[in-house]
Each structure stands twice: as structure tokens, then as C-alpha cells.
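The values are calculated or read from the model by the stated rules, or taken from the named source; none is laboratory data. All values derive from a computational prediction rather than experimental measurement. In this analysis, Cβ positions are derived from the backbone assuming ideal geometry, glycine residues included, and neighbour counts consider all displayed protein chains.
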Amino acid sequence: MLTQLEEAQTRHAAKFGNTLLLCNVVTAGKLTPPPPEVRDFSAKMQLRLEAYSAGSATVLRMTGLSAVLARGFMAGLALLTHTNRPNAVFKDTDEAVTWLMALPGGKVLSREPNVAADVRAWVGP
């Protein structure tokens with residue numbers, strides 16, 4: 001699946017330029033690190049496509065103390081990582097999509113009136 005995602009993002013970048021907007025949604029009840037091969041592939045893909053990225057949002061759809069701690073950790077990690085694109089952590093999908101749409105590359109999303117609803121439909125309630 002990651003290979004297909006990378007191929008789709010590469011085609012998009014070639015066609016539209018600096019407009020890749022990434023929205024990662026974590027819906028698991030417990031946040032656990034992905035396997036090493038997934039982390040390695042994701043890191044390499046991010047480096048290859050960073051020149052085309054306009055921003056990245058991570059949504060942690062969790063509740064309770066673990067959610068607060070996880071969002072705090074992810075926000076701190078975002079501050080420590082050196083990227084040329086904005087990134088932020090959210091608890092709500094709509095907030096993340098609104099933030100992405102406000103970025104310079106978000107103009108592409110603004111042409112799609114139901115983008116927030118589409119993302120919600122994709123990730124589930």
C-alpha cells in the first residue's frame with residue numbers, strides 16, 4: 001500500500017508541482033509505533049517528496065490522557081524535525097483539513113467543496 005501511495009504522490013507532484021498535502025489520521029485506541037520497515041519506507045518517501053510538499057497534518061482521533069500525551073509528543077516531535085514545510089497535530093479531522101486548505105498548496109483543495117466530508121467518510125466516524 002505504501003508503494004501505491006508513493007506512486008500516486010509522485011504522479012500528483014509531477015502534474016501539479018508543490019501541492020502535496022498530507023493528512024495522516026490515526027484512529028487506533030492505542031498509539032503504537034509502526035514496524036521498522038514501514039518507518040524506513042515512510043522516511044525515505046518523505047525525503048523524496050519533500051520538495052513537492054506544501055504541508056502535513058496528523059490527526060490523532062483518540063480520547064483520554066493517552067491522546068493528550070500522544071498529541072503533545074507529536075507536536076514536540078514536529079518542532080524538533082527539520083522540514084521545509086509546515087506540519088501540525090490535530091484531534092479533529094475538520095480542523096486538520098481547514099488548516100491544510102489555508103496553506104499555499106491548499107488552493108487545490110478549496111476547489112473541492114466537500115473535501116472535509118470526503119476525508120471523514122474515508123477514515124470513518
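Within the stretch 1-21, residues that are closer than 15 Å to Gln46 by Cβ reach partners that are at pLDDT below 70 and assigned to a helix (DSSP H, G or I) with beta carbons closer than 7 Å, at six or more positions or on different chains, in the pairs Leu21/Leu109. Of all residues in the stretch 15-26, at least one satisfies being modelled with pLDDT of 75 or more and part of a helix (DSSP H, G or I).
When the stretch 36-69 is filtered for residues that are loosely packed, with under 11 Cβ neighbours inside 10 Å and either in a helix (DSSP H, G or I) or at pLDDT 80 or above (or both), the ones remaining, listed by number, are Pro36, Glu37, Ala43, Leu47, Gly64, Leu65.
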